[in-house]
Amino acid sequence: MLYRGPFGEQMVNNMVLRGLGPHTAGTFELKPEILEEEHPGEKDLWSRLWEEPSRYLPKRLPPVKCDLLLVLGLHSKLGDLIPPLAERMGARSVLYPIDDRQHLPEGKKTIQEELERKGVHVEFPEPFCALEGSEDPLIREFSLHFGRPRFRVKREGGRIRAVEVLRDTPCGSAHAVAEKMVGVSCEDPKALKEKLFFEHHNEENENYCLAEMDPLAPYMQEAGDLLVDAFFEACGFPTTRDLILQEAKQGRVDFERLKRKLVEEEKRCETERTIRRSLRELGLEA
Amino acid sequence: MSGVKEALEALLDFKGKKVKDFCLRRLERGERAYDILQELNRGLEEIGRGYENKEFRRYFDSDLIVSGANMKRAVELLRPHLSGGERREKRGKILLGTVKGDVHDIGKTVFSILLQSSGFEVVDLGVNVDKEAFVRGVREHEPQLVGMSALLTSTAPYMEEVMDELVKEGMREKVRVIVGGRAVTEEFARKIGADAYARDAVEGVKKCLELVGG
């Protein structure tokens with residue numbers, strides 16, 4: 001696992017503690033400062049790296065081999081290092097999630113082509129907790145344990161008695177939210193949604209969503225909607241997809257209308273990205 | 001390890017353990033709580049500069065949130081030591097809120113704790129506060145100061161709507177307004193007619209003291 005910063009560290013920590021530990025070949029924090037230290041005073045370091053990335057593989061990187069390489073929160077300038085690094089590590093698949101515009105590698109298309117040329121499969125889930133299965137066997141295996149959250153909820157007398165996390169979010173927010181939901185009333189879906197969304201990014205929790213939350217790039221809001229939908233599904237409440245299907249039955253599948261209803265009026269979803277995703281998943285994309 | 005580097009490591013530790021160690025070690029050495037906060041504040045400034053660097057952004061939203069949460073932990077840990085050494089008389093009352101559309105709480109909370117440690121009475125309206133709530137707050141609590149915060153560039157413009165609402169409701173002359181948060185600049189503060197701008201919580205307290213003539 002290559003990571004950067006507290007967000008990357010939180011994901012590494014959570015996944016290692018929740019089952020990935022014995023399968024982890026190694027973890028390494030890869031940040032721009034390392035390359036600056038290894039190439040002191042080098043002019044145009046970042047353009048040179050882009051031109052010849054294999055020259056800039058960090059010298060202190062442990063010589064490990066892996067099947068699946070996870071790239072967590074890496075600085076966008078360092079993305080070009082991934083193809084030669086994956087090759088050196090013998091990786092067959094790369095998972096390169098984007099949870100912030102700053103994670104998006106500048107040469108994403110080139111990186112993808114370069115990896116494919118080397119016979120390495122790569123996926124860029126946006127956000128990471130949207131990952132749900134894959135055609136690639138390694139990523140599919142990974143996604144059985146981490147990715148889009150899944151819960152089992154036991155209810156009793158209008159309250160939540162127990163919550164089991166069937167699939168955790170990579171950052172661990174699903175477990176953190178699950179702990180906070182025990183004992184909470186589940187009679188009012190609107191109040192339940194507000195509580196779930198708040199706990200999802202509550203900084204007081206052990207793990208919380210650290211994805212970008214700017215309304216111009218609402219990764220956090222989309223991740224919150226995914227978590228709310230997963231919890232609602234476990235409670236038997238209608239999910240965003242169910243609500244869209246209800247509209248579809250009445251012949252009213254129109255993105256602008258759904259956005260107005262579900263995001264602006266009912267505030268069932270925090271971002272229109274969730275509507276777009278659900279439409280795509282339902283095959284109802286305009 | 002240099003001070004700023006150590007402060008950066010403490011501030012960017014997602015578990016919050018390093019920042020606790022950072023503070024406790026310095027307290028044991030007999031350093032003043034206020035100086036410890038200043039040292040951490042230099043780390044925050046470094047993160048802020050790295051975040052704002054358009055050519056090469058070194059820090060991301062997640063770094064701002066984690067460092068803010070750690071600053072809050074530090075302020076809470078140091079709070080008993082701060083109030084002991086600072087003046088206790090009441091300086092005035094301030095109404096605080098993060099403006100509508102923005103759910104960031106940490107910077108404002110740090111500011112609130114420091115203000116209380118400096119003798120201000122704080123009424124915190126929370127996050128995602130609309131202009132009507134600011135007006136209601138001024139009417140109900142009659143503060144001398146109003147503080148608005150925004151971390152997101154897309155939500156900062158709402159501060160101007162709050163200013164207009166205060167004017168419309170005839171309250172602008174009754175309060176001095178201070179604005180701050182990552183999305184706000186001194187130029188923006190001037191443009192919307194605020195009385196003061198602060199780039200961080202420590203500077204914010206100084207500006208508030210100036211505004212109430214303390």
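Since every read-out is calculated from the coordinates, none of them should be taken as a lab result. These numbers were taken from a predicted model, which means no experiment stands behind them. Cβ: placed from backbone, ideal geometry, glycine included. Neighbour counts: every protein chain shown.
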- Message: Between residue A:185 and residue B:38, what's the calculated FRET efficiency when r is the beta-carbon distance and R0 is 51 Å? Round to 0.05.
- Response: 0.65
- Within the protein assembly as shown: Cβ-based charge dipole about Cα centre, in debye rounded to nearest 20 (Lys, Arg +1; Asp, Glu -1): 760 debye
- Is the shape of the stretch B:92-211 best called rounded, prolate or oblate, per the rule: a/c under 1.5 gives rounded, else a/b larger than b/c gives prolate, else oblate, with a ≥ b ≥ c the square roots of the Cα gyration tensor eigenvalues? rounded
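So if we plug the beta-carbon distance of residue A:43 and residue B:185 into 1/(1 + (r/R0)^6) with R0 = 41 Å, what FRET efficiency do we get, rounded to 0.05? Provide the component values of the computation, followed by the final result.
Numbers: r = 31 Å, r/R0 = 0.77.
With R0 = 41 Å, the Cβ-Cβ based efficiency is 0.85.
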- Query: About its Cα centre, what dipole magnitude does the stretch B:3-85 give when the only charges are +1 on Lys and Arg Cβ and -1 on Asp and Glu Cβ, stated in debye to the nearest 20?
  - Reply: 180 debye
- Query: When Lys and Arg each count +1 and Asp and Glu each count -1, what net charge do the other residues less than 11 Å away from residue B:99, Cβ to Cβ, add up to?
  - Reply: -1
- Message: Helix A:272-281 against the longest principal axis of chain A: what's the angle in degrees, Cα atoms only, rounded to the nearest 10?
- Response: 90 degrees
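Could you work out the per residue convex hull volume over the alpha carbons of the stretch A:148-237, in cubic angstrom? Mind showing how you got there, number by number?
Working: hull volume 7.4 nm³, N = 90.
Convex hull volume per residue, Cα atoms: 83 Å³.
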- Query: When chain B is treated as a GNM, springs tying every alpha-carbon pair under 10 Å, which of B:54, B:20, B:191 comes out with the largest mean-square fluctuation?
  - Reply: B:54
- Message: Please compute the volume of the convex hull spanned by the alpha-carbon atoms of the stretch A:2-143 and report it per residue in Å³.
- Response: 105 Å³
- Rounded, prolate or oblate: which fits the stretch A:190-274, taking a ≥ b ≥ c as square roots of the Cα gyration tensor eigenvalues, rounded meaning a/c under 1.5, else prolate when a/b beats b/c? oblate
- Length released on extending from residue B:45 to residue B:27, taking residue separation times 0.36 nm less the Cα-Cα span: 4.3 nm
- Query: So how far, in whole Å, is the C-alpha centre of the stretch B:132-192 from the one of the stretch A:168-244?
  - Reply: 31 Å
- Message: Counting only other residues whose beta carbon sits under 13 Å from that of residue B:18, what net charge do I get with K and R as +1, D and E as -1?
- Response: +2
- Message: Please give me the summed charge of the neighbours of residue A:10: other residues whose Cβ is under 10 Å from its Cβ, Lys and Arg +1, Asp and Glu -1.
- Response: -1
- Query: Which whole number gives the average count of other chain Cβ atoms within 10 Å of the Cβ atoms across peptide B:53-64?
  - Reply: 6
- Message: For a quick check, take a GNM of chain A with Cα springs below 10 Å and name the residue from A:239, A:271, A:24 with the largest mean-square fluctuation.
- Response: A:24
- Message: Using the Cα centre of the stretch A:148-237 as the reference point, and only Cβ charges (+1 on K/R, -1 on D/E), how large is the resulting charge dipole? Debye, rounded to the nearest 20.
- Response: 520 debye
- With a/c under 1.5 counting as rounded, go ahead and sort the protein assembly as shown into rounded, prolate or oblate using the C-alpha gyration tensor (a ≥ b ≥ c being the square roots of the eigenvalues; past the cut-off, prolate if a/b is larger than b/c, else oblate). oblate
